[in-house]
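Here the structure is laid out as structure tokens; the discussion comes afterwards.
Here, each number is a calculation from the coordinates, and none is a lab measurement. Owing to the predicted nature of the structure, the values given are computational and were not obtained by experimental measurement. Note that each Cβ is placed from the backbone with ideal geometry, even for glycine, and that neighbours are counted across all protein chains shown.
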Amino acid sequence: MEKLEIYHPDKFYPNRTFIIYSAVVLLLFLSFILQELGFDHNTVIFDTVVYLALFCFISGNILKLISIGKCKPLYGKLNGEIIFEKGSIKIQGEIIPIDEVQKIEFEGTDWLGLYEQNRFSFENGLSNGTKNWLIVYLNDSSQRRIRFQKYEACQLIRFKEVLLDYYANGKIIPILN
């Protein structure tokens, strides 16, 4: 039985980019304060602060180069599963009958190892596959938004028969751009 793993992200995680840019901004702000206090560009304290900011930026680029072929770490937990069955959807052990579902939407364009180019980031270049959403709209006007991890680009094709059945019943509506 095929399943998708549910991803629960942490509320806040200090990733590498946030830490490095925070350090650079803090050091440049400190250099501005030192300049306002009367330290000119020739003092050792001012030069040290500016060189530390430059060192942080260069070390971030080196860390990015070292981690070129590695996936981003998970900033959260993989806990629970989504199972598609003919007459229902099972989300974290809760069975939702397909008759109670008004509409299902997918956003599954991310997978483990997808190359993500971000010029201003110091993170690893390969995705961890967790930028995928399943949104289940229920008949009682509530909805379930669940993030999940995909290991392969075509992982959803394993659910082809069940998803085609949902489509035939009008539960999956294609999004046309």
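Modelled spin labels at V50 and K3, positioned 7 Å past Cα toward Cβ, are 5.8 nm from each other.
With no solvent and one equal point scatterer per Cα, compute the Debye intensity ratio I(q)/I(0) for the range 16-66 at 0.20, 0.28 Å⁻¹ and report its log10, rounded to two decimals. With one equal scatterer per Cα and no solvent, log10 I(q)/I(0) is -0.64, -0.97.
Please state the relative contact order of the range 1-89 as a whole percent: Cα pairs under 8 Å, 6+ residues apart? If you can, show how the numbers build up before the last one.
Working: 69 pairs, mean separation 48.0, N = 89.
Contact order relative to length: 54 percent.
Within the listed set E123, E105, E94, the residue fluctuating most in the Gaussian network model of the chain (springs between alpha-carbon atoms under 10 angstrom) is E94.
With N set to the number of residues, divide the alpha-carbon radius of gyration of the chain by 2.2 N^0.38 Å and report two decimals. Kindly include the intermediate steps, with their values, before the conclusion.
Values: Rg = 23.4 Å, N = 177, 2.2 N^0.38 = 15.7 Å.
So the chain has a normalised radius of gyration of 1.49.
Cross-link check: pairs K72/K171; K3/K64; K72/K160; K11/K72; K86/K150 evaluated at a Cα-Cα cut-off of 24 Å; pairs beyond the cut-off: K72/K171; K3/K64; K72/K160. With neighbours defined as other Cβ atoms within 10 Å of a residue's Cβ, the residues I20, I68, I96 order from fewest to most as I68, I96, I20. Put a dot 7 Å past the Cα of E81, heading toward its Cβ, do the same for W133, and the two dots end up 2.6 nm apart.
Would you mind calculating the relative contact order of the range 16-66 from Cα pairs under 8 angstrom and at least 6 residues apart, reporting the percent as a whole number? Relative contact order here is 46 percent.
List the relative contact order of the chain as a percent without decimals, with contacts defined as Cα pairs under 8 Å and 6+ residues apart. Kindly include the intermediate steps, with their values, before the conclusion.
Working: 284 pairs, mean separation 44.0, N = 177.
So the answer I get is 25 percent.
What's the extension gain from E107 to Q143 if we count 0.36 nm per residue and subtract their Cα-Cα distance?
Length gained, E107 through Q143: 11.4 nm.
Spin-label model, Y167/S22: points 7 Å from Cα along the beta carbon direction are separated by 4.5 nm. A Cα-only calculation for the range 75-119 places Rg and Dmax at 14.9, 46 Å.
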